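Trainee: Structure incoming, see below.
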């Protein structure tokens, strides 16, 4: 084994869950999300229409026989390997956009199979030229017969079956992982890859999650989730409201006040969804937002939604309460142990536990405005992957929380690149169930009004909090 | 997948990029509508290549020429790249480049002659019968492997392909009339060659094809699987000459072989220039 792979082994040998987590994030972080392209339709020029796939056979040639599966694996692993060799980085970037879009006719044939008619008939108006590529499909614009502008995500024909079959060849996958990424836990990598891809090919599941978020946030002053048109959605077609807005890159050109507002909304969305909806959309990723002036943000892509039980959430809420409010550090430690983040009885002083895990609560420890910088975000990532720290032998990320740790890795990266300033503690207090703090910002005021109105309209049984 | 570990494939990638010119002067010997264009870029070509070498090696005089006049033992991947570069240039290059490549091969062949130590027979690489053997071994392998593991190639198209490939033999010096132009006559010709045998040199060459020296462990495993599949596609007589057992049927199953080929092909595509070259070919077939 080479010296570098020995280092990797020590860094990543720490726990399968960590590797899986990084994979999950990496898969999303590196993949150029189709949603990035939503905002500016002109960018469709980036798609290689001259090479468009004309048949299911051509799709299979491009993405079948392990190719799609391995592309995903490469994307995921490129996140794990922070110190990825340049040659590998170059190889991945050459492959990044290798799958061309489908021809209009091929896309149309999927609509026929899934929705029972040609798109020109199923929709009042249909744009045969896709506006964006997705990893296993593409997105078209259309107008429904009742006049709604929609985005229609269409899956490549045959791809679900071929991915399923490829994933069954576990022996080959493990050998390829072993060959390409020495020192990683191939078993869990391949397992995670499988789960990730199974989620990705099932549009019906994504539709269900997205609609749950959309309903909850209906009427929200700054948070918008496009509704799914279920009658026009299947496991291979996902039709939702078309929203246009600015991309993350465009937001970066706006003034700091707008950036702060957008950051506040993203922060509110993540924690409100978690604590109130008991759901986490595991995708805080710049490509999954569209921005509008005044802090309004549209949230896209719900392919990786995780629902939490009270049992899952209670230890997390307890941890915050004991660390931030009651300053009862033994109780904080016990909460972490209950959640499974820290092995019970680890021979480490509680002060060390507070020091290490407290890092992840950096934005809410003080009741004061704080600017989240890229340096802060990357320090969190580094701390997360630090296998040499005193707690490394005793800490792990329990399966139920793996997806949620993206808060640390994805959300703060997004907020950091906005250099966002806010009193995050006050905003968090509004949402923490044990505080139910008063509105602390204008957006908070508007949100409180929305919530009061929402609660008054909802049937009692829906109310959980 | 990691590029650094794929360095043995780099000469192949370079050959590919070079063979498919960005500004060809004409459509070349075959043209974008030909079956040669379609078949010679099938993703299962590595498998066809392995089988070709295994079959071609079974002619002692062809094998002797390789052993006595090439550095393939020191640089098997370089040699492989040269051969595939030749196939690609004559397929996708313009007429001038294709004929120049063929002229160069003929020039090299002038110096390739001698006596095979195992049969004590004299040989010359200019001998049309040896050139035909090499041609037939390759074309038969391509047809066999593509039909089994590649994109569709029905019997009519397979015959058309073999007929189109007559030109391929002609440019290195085989009279067109001597070159079989159907799958059946091609196989009849192969079966008619009496000199076929697995000499020490042939066994040695095939051992290197199956286990090339420059691959590290995990990649070697994948390569070895592919080589076993190649063995499984050999005609019975060839397998018996080598003394190979027929591989287990599961190993030969189409879907899993295609997965293996797909993985290898993606790795190949990740090397510089390959994807662009493939796109140039694709665009020209669509034009």
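Trainee: So for A:106, B:53, A:415, fewest C-beta neighbours within 10 Å to most, what's the order?
Mentor: A:106, B:53, A:415
Trainee: Right, something else. Expressed as a fraction of 2.2 N^0.38 Å, the rule-of-thumb size for a compact globular protein of N residues, what is the C-alpha radius of gyration of the range A:279-323?
Mentor: Taking N as the residue count of the range A:279-323, the ratio is 1.55.
Trainee: For the peptides B:153-165, A:112-124, what is the packing order when you average, over each peptide's residues, the other Cβ atoms within 10 Å and list the highest mean first?
Mentor: Ranking the peptides B:153-165, A:112-124 by packing returns B:153-165, A:112-124.
Trainee: If I model a spin label as a point 7 Å beyond the Cα along the Cα-Cβ vector, how far apart are those points for residue B:203 and residue A:375 in nm?
Mentor: 7.0
Trainee: Next question, about the same structure. Grab the beta carbon distance between residue B:121 and residue A:57, set R0 = 41 Å, and tell me the FRET efficiency rounded to 0.05.
Mentor: Once rounded, the FRET efficiency stands at 0.30.
Trainee: Sort A:238-251, A:342-355 for me by packing, meaning the mean count of neighbouring Cβ atoms within 10 Å per residue, highest on top.
Mentor: Sorting A:238-251, A:342-355 by mean packing, highest first, produces A:238-251, A:342-355.
Trainee: Averaged over all directions, how much area does the convex hull of the C-alpha atoms of the range B:196-284 cover when projected, in nm²? Could the numbers behind the result be given before it?
Mentor: Details: hull surface 32.1 nm².
Here the figure is 8.0 nm², rounded to one decimal.
Trainee: To the nearest whole number, what is the average tally of beta carbon atoms from other chains within 10 Å of the beta carbons of peptide A:165-171?
Mentor: Details: counts 4, 6, 0, 3, 5, 0, 2.
If you average over the peptide's residues, the count of other-chain Cβ atoms is 3.
Trainee: Any idea how far the Cα center of the range B:126-150 sits from the one of the range A:94-165, in Å?
Mentor: After rounding, the separation between the Cα centres reads 42 Å.
Trainee: Over the range B:105-260, what is the mean sequence separation of C-alpha contacts under 8 Å (at least six apart), divided by residue count, expressed as relative contact order in percent?
Mentor: Computed value for the range B:105-260: 18 percent relative contact order.
Trainee: Express in whole angstrom the spacing between the alpha-carbon centres of the range B:38-94 and the range B:168-234.
Mentor: The range B:38-94 and the range B:168-234 have Cα centres separated by 9 Å.
Trainee: Remind me, relative contact order of chain B in percent, using alpha carbon pairs under 8 angstrom and six or more residues apart?
Mentor: 30 percent.
Trainee: Still on this structure: Beta carbons within 10 angstrom, averaged per residue: use that to sort the peptides B:141-148, A:214-221, highest first.
Mentor: Sorting B:141-148, A:214-221 by mean packing, highest first, produces B:141-148, A:214-221.
Trainee: Please list, by residue number, everything in the range A:351-378 whose backbone N is under 20 Å from a paramagnetic label point 7 Å out along Cα→Cβ of residue A:394.
Mentor: From the range A:351-378, the list is A:351-361.
Trainee: What is the mean number of Cβ atoms from other protein chains located within 10 Å of the Cβ atom of each residue in peptide B:264-273, rounded to a whole number?
Mentor: Average per residue, whole number: 5.
Trainee: Compute the orientation-averaged projected area for the range A:210-368 from the convex hull of its Cα atoms and round it to one decimal in nm².
Mentor: Mean projected area for the range A:210-368: 11.7 nm², to one decimal.
Trainee: Taking Cα atoms of chain B, Rg/Rh with Kirkwood Rh, to two decimals?
Mentor: So for chain B, dividing Rg by the Kirkwood Rh gives 0.93.
Trainee: Still on this model: Please compute, for peptide A:60-70, the average count of beta-carbon atoms on other protein chains lying within 10 Å of each residue's beta-carbon.
Mentor: 6
Trainee: Something else about it: Please state the relative contact order of the range B:26-102 as a whole percent: Cα pairs under 8 Å, 6+ residues apart?
Mentor: 50
Trainee: Provide A:259, A:306, A:327 in ascending order of the number of other Cβ atoms located within 10 Å of each residue's Cβ, fewest first.
Mentor: The most exposed by this proxy come first: A:327, A:306, A:259.
Trainee: For the range B:1-87, what is the Kirkwood hydrodynamic radius in Å, using each pair of distinct C-alpha atoms?
Mentor: Value: 14.9 Å, from the Cα pair sum.
Trainee: Continuing with the same structure: Work out the FRET efficiency for residue B:217 and residue A:453 from their Cβ-Cβ distance, taking R0 = 56 Å, and round it to the nearest 0.05.
Mentor: After rounding to 0.05, the efficiency reads 0.30.
Trainee: Same structure again: At 222 nm, what value in deg cm²/dmol follows for chain B if DSSP H runs of at least 4 each add -39500 (n - 2.57) and the sum is divided by all its residues, to the nearest 500?
Mentor: Value at 222 nm, helices only: -19500 deg cm²/dmol.
Any read-out appearing in this document is the output of simple, stated calculations on the displayed coordinates, not a laboratory observation. Only a predicted model underlies this, so the values are computations on that prediction, with no experimental measurement involved. Reconstructed Cβ throughout: ideal geometry from the backbone, glycine too, with neighbour counts over all protein chains shown.
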